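Values in this text are rule-based calculations from the coordinates and carry no lab data. Being a predicted model, the structure only gives us computed values, none of them experimental. Counting neighbours? That spans all protein chains shown, and the Cβs are built from the backbone with ideal geometry, glycine included.
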2 protein chains.
Amino acid sequence: MSRREEIVDAAERLLERAGPEAVTMRRLADELGIQAPSLYKHVAGKPEIEAALQQRALQRLAAALEAAPDLPSLAAAYRDWALRHPRLYEIATRLPLARERLAPGVEAAAAAPLLRVTGGDLTAARALWGLAHGLVDLELAGRFPPGADLDAVWAHAMAERVVAGPGPGGPG
Amino acid sequence: MSRREEIVDAAERLLERAGPEAVTMRRLADELGIQAPSLYKHVAGKPEIEAALQQRALQRLAAALEAAPDLPSLAAAYRDWALRHPRLYEIATRLPLARERLAPGVEAAAAAPLLRVTGGDLTAARALWGLAHGLVDLELAGRFPPGADLDAVWAHAMAERVVAGPGPGGPG
DNA sequence: TCTCTGTGGCTAACGCTGTTAGCTTAGACG
DNA sequence: CGTCTAAGCTAACAGCGTTAGCCACAGAGA
């Protein structure tokens with residue numbers, strides 16, 4: 001494993017263990033038993049590390065959604081993964097997408113499961129993504145009042161036809 | 001106008017003019033012609049300023065939504081305000097809600113317009129909020145591919161019944 | 001074997017951040 | 001006139017990302 005990969009691994013560990021504000025160049029170096037400036041022998045700077053984490057997060061999220069056969073299970077998987085990996089989810093979605101640093105295909109792979117459950121309808125897939133992301137983002141930010149029944153909100157949101165076409169009996 | 005209000009005003013000006021990373025205690029002090037440590041005579045720290053900005057942003061957003069008579073115009077107003085004031089929108093929604101610092105009623109006032117168009121259905125209002133917020137958040141973060149037809153996405157999302165009950169002819 | 005070169009560490013330092021301690025000055029009040 | 005408070009000031013601290021420059025070691029080539 002290259003030193004660069006070790007650095008990104010350590011960053012991910014640090015992120016999940018201690019939160020995003022703990023991912024500093026000095027603490028990251030500590031984690032590897034070296035000094036902060038030595039990191040720059042392997043990595044251009046912090047943004048590059050963040051982009052690598054973002055790519056990883058997108059791949060993990062995509063993997064978590066892959067198996068979902070239909071809309072309800074996709075929604076459940078999406079929410080479940082985000083709540084289980086809030087810091088990774090944040091870095092996957094809050095950071096402006098660093099497309100130029102992203103390996104080709106990563107974005108498409110993350111989008112694929114949503115497209116699948118909308119039968120290839122791009123507009124519907126984006127609406128679905130907005131809905132799922134918005135609910136997760138607000139939940140993670142603690143914006144719903146404590147005690148709000150979010151299961152009910154998700155059930156409501158996914159039962160209504162945000163996603164599919166003209167409804168039951170329609171083209172799928 | 002109290003010095004504290006002047007500080008929050010200056011912070012808002014700075015935020016809208018130069019972005020969130022420009023809102024530092026030193027630049028804020030510059031804007032007021034004083035030195036950074038003097039700010040602490042009027043304000044406990046930066047989080048307090050951010051909470052004040054968040055409250056302001058919520059009030060502005062609520063005001064922008066107030067006049068919307070129905071779902072389509074509410075959705076349009078929501079997106080429009082967010083795109084026009086991206087930094088304020090960010091601070092309104094990305095920051096964990098500092099409920100203990102928030103003036104009473106602000107949260108409810110911001111929620112009211114959404115509740116109105118869902119006929120008082122709290123679950124539907126939350127789903128609607130998630131949808132609108134998610135779409136706006138992803139758009140602001142530059143997550144949709146350049147050239148994506150977001151008007152169509154919004155039209156699709158709002159045409160489907162994320163929000164209302166059992167559909168046209170239903171209880172409204 | 002000697003040298004040369006690249007790799008990957010190191011320390012010191014710079015300018016930035018939020019924040020604290022402690023001093024001073026202006027104005028109000030008894 | 002004396003005193004107290006409000007609101008400014010400078011100096012400083014720890015932590016941030018980052019750069020410059022130095023050094024030790026590994027491996028390659030003559």
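Key figures for this structure:
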item	result
Share of Cα-Cα pairs in chain A lying beyond 23 Å, as whole percent	47 percent
C-alpha long axis of helix B:71-84 to longest principal axis of chain B, angle in °	30 degrees
Cα centre as origin, Lys/Arg/Asp/Glu Cβ charges: chain B dipole, Debye	420 debye
Order of A:L122, B:L135 under a 10 Å beta carbon neighbour criterion, fewest first	A:L122, B:L135
Helical mean residue ellipticity (222 nm; -39500 (n - 2.57) per DSSP H run of 4+; nearest 500) of chain B	-20500 deg cm²/dmol
Ascending list, in nanometres, of distances separating the A:P145 label from those of the other copies (7 Å, Cα toward Cβ)	4.2
Estimated FRET transfer efficiency when R0 is 41 angstrom, pair B:R84-A:E5 (beta carbons, to 0.05)	0.45
At 7 Å out from Cα toward Cβ: A:A18 inter-copy label distances (nm, ascending)	3.1
Proportion of all alpha-carbon pairs of the protein assembly as shown beyond 38 Å (%)	21 percent
Label point distance in nm, B:S73-B:R17, each placed 7 Å from Cα along Cα→Cβ	3.5 nm
Per the axis that maps chain B onto chain A, nearest residue of B (Cβ criterion) and its distance in Å	B:G134, 1
For the range B:24-116: Kirkwood Rh in Å [reciprocal of mean 1/r, alpha carbons]	14.6 Å
Positive-end residue, chain A charge dipole about Cα centroid, Cβ charges, pick of A:P146, A:W81, A:A10	A:A10
Largest to smallest principal axis extent of the C-alpha atoms in the range B:1-43, angstrom	25, 20, 15
Relative contact order of chain B, pairs being alpha-carbon contacts under 8 Å that are 6 or more residues apart, as %	20 percent
Between 0 and 90°, nearest 10: helix B:106-117 axis offset from chain B longest Cα axis	20 degrees
Rounded to 10°, Cα long-axis angle of helix B:122-140 versus longest principal axis of chain B	60 degrees
A:D121, A:D30 arranged by Cβ crowding within 10 Å, fewest neighbours leading	A:D30, A:D121
Other-copy label distances relative to B:A36, 7 angstrom Cα-Cβ extension, nm	1.5
